[in-house]
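Beneath this line is the structure, given in structure tokens, with notes to follow.
The values are calculated or read from the model by the stated rules, or taken from the named source; none is laboratory data. On a predicted model such as this, the values are computed, not experimentally measured, just so you know. Reconstructed Cβ throughout: ideal geometry from the backbone, glycine too, with neighbour counts over all protein chains shown. Just the protein is used for accessible areas: all its heavy atoms, side chains included, with ligands, DNA and RNA removed. Shrake-Rupley method; radii C 1.70, N 1.55, O 1.52, S 1.80 Å.
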Amino acid sequence: IYLYAGDVPKNEAYQKFIGLSLTQSNFQHIKHDITEIMPLPDQCVDIYQAEDVFEHIQLDEIPNIINEIYRVLKKGGVFRLSVPDYRCDLLENRTVKDDKGELIFDPLGGGNYENGKVVGGGHIWFPKYETVKELLSKTKFNNINFLHYYDESGEAVTKPIDYSIGYVMRTPDNDERVSNPYRPMSIVVDCIKQ
């Protein structure tokens with residue numbers, strides 16, 4: 001079983017996944033809100049991929065969601081997480097900042113900025129390596145492999161990604177905007193259930 005958080009992209013690279021969709025129920029989607037418990041037994045999923053989804057969910061809700069993913073994964077199963085990396089120049093430059101330079105709204109991340117907050121489904125937090133590392137430390141996963149990211153000093157890290165586990169669109173291998181110079185656009189992490 002290969003699960004995908006959200007609607008499965010219309011790309012052949014994702015054909016093995018079943019999407020957990022808020023709106024669709026068809027041959028490639030099950031209507032399910034990923035913030036809810038999955039109606040699945042323990043240890044039945046091989047791979048679970050969440051690509052550009054978790055930045056739309058309140059940070060304090062995410063550890064419970066990831067622990068639910070951990071529950072349904074088989075031993076040796078992989079949870080592949082990818083979220084936008086807001087140390088990437090493209091993302092950082094397009095994002096609206098407050099008077100102190102703090103990121104407050106990414107106009108290309110969806111939603112609107114109203115009365116001091118993001119509404120309508122946009123990015124409600126702006127992932128960086130240390131935030132994602134802390135978030136994952138609050139889960140049951142112990143085997144956590146960061147593959148692409150910018151570290152706290154802004155240094156780019158691009159380890160090889162095994163795309164047979166799950167394709168990731170926003171990487172320098174698949175997105176020409178960050179292919180030259182070759183640099184991360186997303187934080188890509190593989191979490192393996194032991």
* So how far apart, in nm, are the two label points at Lys75 and Tyr163 if each is 7 Å from Cα heading toward Cβ? -> 3.3
* Among Lys74/Lys138; Lys31/Lys133; Lys16/Lys133, which pairs are too far apart, with a Cα-Cα distance over 24 Å? -> Lys31/Lys133; Lys16/Lys133
* Sort Asp173, Asp151 by accessible area with a 1.4 Å probe, largest first. => Asp173, Asp151
* Asked: When the Cα centres of region 156-182 and region 34-87 are compared, how far apart do they sit, in Å?
  -> 21
* Asked: So which GluC sites (Glu not before Pro) in region 120-168 are both in a DSSP loop and have at most 13 other Cβ atoms within 10 Å of their Cβ?
  -> Glu152, Glu155
* Structure fact -> With every protein chain in place, the accessible area of Ile34 for a 1.4 Å probe, in Å² rounded to the nearest 10, comes to 20
* To do: Quick one: grab the alpha carbon gyration tensor of region 24-118, order the square roots of its eigenvalues as a ≥ b ≥ c, and give me rounded if a/c is under 1.5, else prolate or oblate depending on whether a/b is larger than b/c.
  => prolate
* What do you get when you divide the Cα radius of gyration of the chain by 2.2 N^0.38 Å, with N the number of residues? -> 1.00
* In whole angstrom, and with the biggest value first, how far do the Cα coordinates of region 64-119 range along each principal axis? -> 47, 26, 20
* Structure fact -> accessible surface per residue for the chain, probe 1.4 Å, DNA/RNA/ligands not counted, whole Å² -> 51
* Can you send over the carbon and sulfur percentage of the accessible area for region 1-141, probe radius 1.4 Å, protein chains only? => 49
* Candidate lysines - alpha carbon under 19 Å from Lys97, same-chain residues fewer than 8 apart omitted -> Lys117, Lys128
* **Accessible area in the full protein assembly, largest first, 1.4 Å probe, for Arg87, Arg177, Arg183** => Arg177, Arg87, Arg183
* **Rounded FRET efficiency, nearest 0.05, which uses the C-beta distance separating Ile57 from Asn26 and R0 of 25 Å** => 0.60
* Once region 88-194 is represented by equal point scatterers at the alpha-carbon sites, with solvent omitted, what log10 I(q)/I(0) does the Debye formula produce at q = 0.11, 0.12, 0.16, 0.21 Å⁻¹? -> -0.41, -0.49, -0.85, -1.25
* Structure fact -> For region 132-194, the convex hull over Cα atoms projects on average to an area in nm² of 4.7
* Relative contact order, percent, the chain [alpha-carbon distance under 8 Å, six or more residues apart] -> 21
* Structure fact -> Expected unfolding gain across Asn145-Asp98 under the 0.36 nm per residue rule, minus the alpha-carbon gap, is 13.6 nm
* Dipole size in debye (nearest 20) for the chain around its Cα centre, Lys and Arg Cβ +1, Asp and Glu Cβ -1? -> 520
* Scattering profile of region 95-142 at q = 0.18 Å⁻¹ [log10 I(q)/I(0), Debye over alpha-carbon scatterers] -> -0.64
